[in-house]
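The values are calculated or read from the model by the stated rules, or taken from the named source; none is laboratory data. Treat the numbers as computed from the prediction; the structure is a model and nothing was measured. Note: ideal-geometry Cβ built from the backbone for every residue, glycine included; neighbour counts use all protein chains shown. Side chains included, ligands, DNA and RNA excluded: accessible areas come from the protein's heavy atoms. Shrake-Rupley method; radii C 1.70, N 1.55, O 1.52, S 1.80 Å.
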Amino acid sequence: MKIHEYQAKELFRQFGVPVPRGRVAATAAEATVVARELGALRVVLKAQVHAGGRGKAGGIKVVEAGGGIGPIAEALIGMRLVTHQTGAEGRIVKKLLVEEAIEIAGESYLAITLDRRAKTPAIIASPAGGMDIEEVAAKTPEKILTLPLLPTLGVRPYHGVEVARFLGLSGEQAKAAGKLVQDLYRLFVEKDCALVEINPLATLRDGRLVAADAKVSFDASALARHPDVVAYRDLDEEDPYEVEASKYRLSYVHLDGNIGCMVNGAGLAMATMDIIKLAGGQPANFLDVGGGASAEQVGNAFRILLSDAAVAAVLVNIFGGIMRCDVLARGIIQAIEQVHVNVPVVVRMKGTNVDEGKRLLQESKLAFILAEDMGEAAQKVVAAAREGGRS
């Protein structure tokens, strides 16, 4: 789960990470009041959307205090901001973070995230702040420091020393960097984060280190432990299909293809998407209904799949392990009878009671296309999507 920059900075303040003074505003009038109360010579108006690249897209403006803050805020609020991370559809700006402008002498990058190769949390640091870390990794990988952390030990003082040395900091700045790493790791662990990122970490002219920007995301499976974090959720910034699926405990990711996938098991779902691609098709989603899916869940899954107008065919790929194939078949039949399915449906089913499951599908009088294996299923659903589509 992602949150806005202003929310991330609220968390930073709670954990002792220095950030510029500022407050969120939902209207131009509120932005003007916040700027006046800050009493700064210049303020920064920052569009609040769940995407990077806001500055390049015109979503961040530096304004002289008293220099027409209202009209600029008015232009930003309600604009459709298109960045390299939003896609062509962009995001509607509904709030602004109004901050004091800071005098930056240098920029670096600092983050804590999960290192999937090392299977541990890791500190990522770079003196190339203000840039996309992916771009730095591709062009100048020598400018990135990665320090895997043992969960049993966490951050130790020598980690801060190594980060400071790599960023070219010494003296009081090195001490501040060490404390910063400790505070970020404490936030990362206590709030079950997936990412805590500062880019840029600003070195001010007076020598202080300040988080000029902040990005925090959370492990969605741990949100039950953090109602305070759940309160930060902004449904307007999330994919509506994924929001709807989450209501029924369905694991769903919306993609831009035209073949809907309904599978039980995350690994099988990923393999299903791969084999559709190999067959020349494009999956419209990742959807794992789980090993013990009920008829109600299957019905909701079909409804969500078909609400995507791009879907021209559906592949149901089921392995009957935890649940028997005949039970799954009854659930699919019941769901299709209740939900108006107007696209071809290809079913591949293996596992316990598979013959009984196939018999039920065949005798249902519904227009299923049966397949024996995944390769055949992929070929059939790709062909059905090309030839048929919606009726």
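If the cut-off is 17 Å between C-alpha atoms, which aspartates and glutamates fall inside it for residue 94, apart from same-chain ones fewer than 8 positions away?
Partners within reach: 5, 30, 74, 234, 236, 237, 238, 239.
I need the shape label for the stretch 93-223. Rule: rounded when a/c is under 1.5, else prolate if a/b > b/c, else oblate, with a, b, c from the alpha carbon gyration tensor.
Judged from the Cα gyration tensor, the stretch 93-223 comes out rounded (a/c under 1.5).
Let me check something: with ligands and nucleic acids excluded, how do 92, 318, 102 order by accessible area (1.4 Å probe), largest to smallest?
Putting 92, 318, 102 in descending order of accessible area: 92, 102, 318.
Under 22 Å between alpha carbons, and skipping anything fewer than 8 positions from residue 365 in its own chain: which lysines qualify?
350, 380
I'd like the distance between the alpha-carbon centres of the stretch 274-291 and the stretch 162-176, rounded to an integer number of Å.
47
Roughly how many Å² is the accessible area per residue of the stretch 200-285, as a whole number, for a 1.4 Å probe?
48
Rule-of-thumb check for the chain: C-alpha Rg over 2.2 N^0.38 Å?
Expressed relative to 2.2 N^0.38 Å, the Cα Rg reads 1.19.
What accessible surface, in Å², does a 1.4 Å probe find on residue 152, ignoring ligands, DNA and RNA and rounding to the nearest 10?
130
Ranked from the most accessible area to the least, with a 1.4 Å probe and all protein chains present, what is the order of 196, 161?
161, 196
With every protein chain in place, what's the accessible area of residue 156 (1.4 Å probe, Å², nearest 10)?
The value for residue 156 is about 100 Å².
Taking the Cα atoms only, what angle lies between the long axis of helix 5-14 and the longest principal axis of the chain, rounded to 10 degrees?
Helix 5-14 sits at roughly 60 degrees to that axis.
What relative contact order, as a whole-number percentage, does the stretch 190-279 give when Cα pairs under 8 Å and 6 or more residues apart are counted?
Worked out over the stretch 190-279, it gives 17 percent.
Taking amide hydrogens as modeled 1.01 Å from N in the peptide plane, which residues meet the under 5 Å criterion relative to residue 258, leaving out close sequence neighbours?
282, 284
What is the packing order of peptides 252-262, 183-193, taking the mean over residues of other C-beta atoms within 10 Å and listing the highest first?
Top of the packing list down: 252-262, 183-193.
If eta is 0.692 mPa s and T is 37 °C, what Stokes-Einstein diffusion coefficient results for the stretch 262-344, Kirkwood Rh from Cα pairs, in µm²/s?
252
Over all alpha-carbon pairs of the stretch 150-309, lay out the pair-distance distribution in 10 Å bins, whole %, shortest bin first.
9, 27, 23, 19, 16, 6, 0
Rounded to the nearest 500, what is the 222 nm mean residue ellipticity of the chain from helices alone, with -39500 (n - 2.57) per DSSP H run of 4+ residues and division by all residues?
Computed mean residue ellipticity for the chain: -11000 deg cm²/dmol.
Please work out whether the stretch 76-158 counts as rounded, prolate or oblate from its C-alpha gyration tensor, where a ≥ b ≥ c are the square roots of the eigenvalues and a/c under 1.5 means rounded, while otherwise a/b larger than b/c means prolate and anything else oblate?
Prolate, since a/c reaches 1.5 and a/b exceeds b/c.
Given a 1.4 Å probe and every protein chain left where it sits, what share in percent of the accessible area of the stretch 190-269 is carbon and sulfur?
50
So which lysines pass the test for residue 95, namely a Cα distance under 20 Å, with those fewer than 8 places away in the same chain ruled out?
Partners found: 2, 9, 46, 56, 61, 215.
Enumerate the whole-percent occupancy of each 10 Å bin, from 0 to the last occupied one, for all C-alpha pair distances of the stretch 130-191.
Distribution as computed: 20, 43, 34, 2 percent.
Could you tell me whether the stretch 181-237 comes out rounded, prolate or oblate from its Cα gyration tensor? Rule is a ≥ b ≥ c as square roots of the eigenvalues, rounded for a/c under 1.5, then prolate if a/b exceeds b/c, otherwise oblate. Each step should come with its number before you reach the end.
Values: a/c = 3.19, a/b = 1.92, b/c = 1.67.
It comes out prolate by the Cα gyration axes.
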